[in-house]
Amino acid sequence: MIQVTKAGEYGIRAMGYLVNHGRNSKISIADISQARHIPEPYLRKLLKPLIKKRIVVSIRGVAGGVKLGRNPHEISLLEVV
């Protein structure tokens, strides 16, 4: 059996939320945090490596958020974890 860390689990939950809302949908980190029950500061920290790998795109500003950087079919679970 494979064990996933808490960070890995949270990353999978967040990516699942983004995938369910479509590639072009911009979603606030607060919305993901609330919907998936992930502490917001922890989620912000988790998304940084995904943004660096361009799996997730960060949109800055008051109306900012995050969205998928690639087609969901091109993202592997291993990359997220």
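Looking at the P(r) of the chain, how many percent of alpha-carbon pairs lie beyond 20 Å? The share of Cα pairs beyond 20 Å in the chain comes to 23 percent. Paramagnetic label reach from I2 (point 7 Å along Cα→Cβ; backbone nitrogen cut-off under 17 Å): within region 61-80, residues 73-80.
Accessible area ranking (1.4 Å probe, heavy atoms, ligands and nucleic acids excluded), largest first, for H37, H21: H37, H21. The magnitude of the dipole of the chain, with charges of +1 and -1 set on the Cβ of Lys/Arg and Asp/Glu and taken from the Cα centre, is near 280 debye. For the chain, with the dipole built from +1 on Lys and Arg beta-carbon atoms and -1 on Asp and Glu ones, taken about the Cα centre, which of G22, I51, P72 lies farthest toward the positive end? Towards the positive end, the residue furthest out is I51.
The values are calculated or read from the model by the stated rules, or taken from the named source; none is laboratory data. Please read these numbers as outputs of a predicted model, since none were measured by experiment. With ideal geometry, Cβ positions are generated from the backbone for all residues, glycine too; neighbour counts draw on all protein chains shown. What goes into the accessible areas is simple: the full protein's heavy atoms, side chains included, and nothing from ligands, DNA or RNA. Shrake-Rupley method; radii C 1.70, N 1.55, O 1.52, S 1.80 Å.
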